[in-house]
Amino acid sequence: MKQAIVLSIALVLLSNSIALFVYATGVDRQLIYLPWTLVLLTTALWWARVPNRLSWAAIGLSGGAWRQSAVLGMVSGLGLAIPLVIFLAFPFLLAQPVRYREIQDLDVIGLLWRLGVELTIATALTEEILFRGILQALFKRSLNTTQALISTNTVFALWHLVANALSAQQNALVLPLLPTAVAQIIGYLGSLIVVGIGGVVLSVLRERTNHLAGSIAMHWIVVAAMTILIYLRS
């Protein structure tokens, strides 16, 4: 349990510190995002494999039926992406269409880089190995599967604290009879809950298929679909 808690704290602090730094300084995120996630992923894998003796199978990177896992992940990703895309296309609870400047300011090359490199390596691959791979395996050493999944994805939601706050800042939620500030807080907390629930779905997929291929594929499809729609509506 101690190792899982240490990793949880490190992930939450690192992710939100980097997001705050990029926001506060205005530095080009492409100069930081991919390099730091690669360093983090490499360090975490070494830490999991050597001091903590997690096998590749325990992490979800060997064994299992990876082809079936990938196919199930793609199908599940498309199924989950559809309602999210519908909400983004018709955001009835928002005062205006969903905005996210980091995506809207991209040119075509920037969009392709984000989809093909950043979302593939720095988002889907890195986050799935860190959370559904290493952290989930460490929690399962001390907790039952249900507790491990809930713990893992609580940390996963906290990993997004600053990113979701910046997104909520750009999108005004409208709820009848409630002041705007209260609606914004509800929307922000709701976005973190959605991230946590989405993480649980990814964790269940990883558990059922005994491999990370499915959760990586599903994660990429969902985020890529949202990214493309926001870009096209900009």
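The values are calculated or read from the model by the stated rules, or taken from the named source; none is laboratory data. Since we're looking at a predicted model, the values are computed, not measured. FYI the Cβ positions are ideal-geometry reconstructions off the backbone, even for glycines, and counts take in every protein chain you see.
Can you tell me which residue among Leu138, Leu229, Leu158 is modelled with pLDDT under 95 and hydrophobic (A, V, I, L, M, F, W, C)?
Leu229
Residues that are modelled with pLDDT of 95 or more and over 26 Å from Ile32 (Cβ atoms): does the stretch 116-132 have at least one?
no
What are the residues in the stretch 10-32 that are free of Cβ contacts under 8 Å to residues at least 60 places away in the same chain and of a type in the set (Gly, Ala, Ser), if any?
Listed by number, the residues that qualify are Ala10, Ser17, Ala24, Gly26.
Does Ile109 satisfy the criteria of being surrounded by fewer than 13 Cβ atoms within 10 Å (Cβ to Cβ) and either closer than 26 Å to Leu189 by Cα or in contact with a Ser or Thr (Cβ under 8 Å, 6 or more places away or on another chain) (or both)?
So Ile109 does not fit the description; no.
From the set of residues in the stretch 26-64 that are touching a Phe, Trp or Tyr at 6+ places or on another chain (Cβ under 8 Å) and of a type in the set (Gly, Ala, Ser), which is nearest to Ala4 (Cα to Cα)?
Here the residue is Ser62.
Do you know which of the residues in the stretch 93-115 that are within 23 Å of Met218 (Cβ to Cβ) and of a type outside the set (Ser, Thr, Tyr) is modelled with the lowest pLDDT?
Result: Val98.
Looking at (1) modelled with pLDDT of 80 or more; (2) within 30 Å of Gln169 (Cβ to Cβ); (3) in a helix (DSSP H, G or I), which one does Val27 not meet, given that it meets all the others?
(3)
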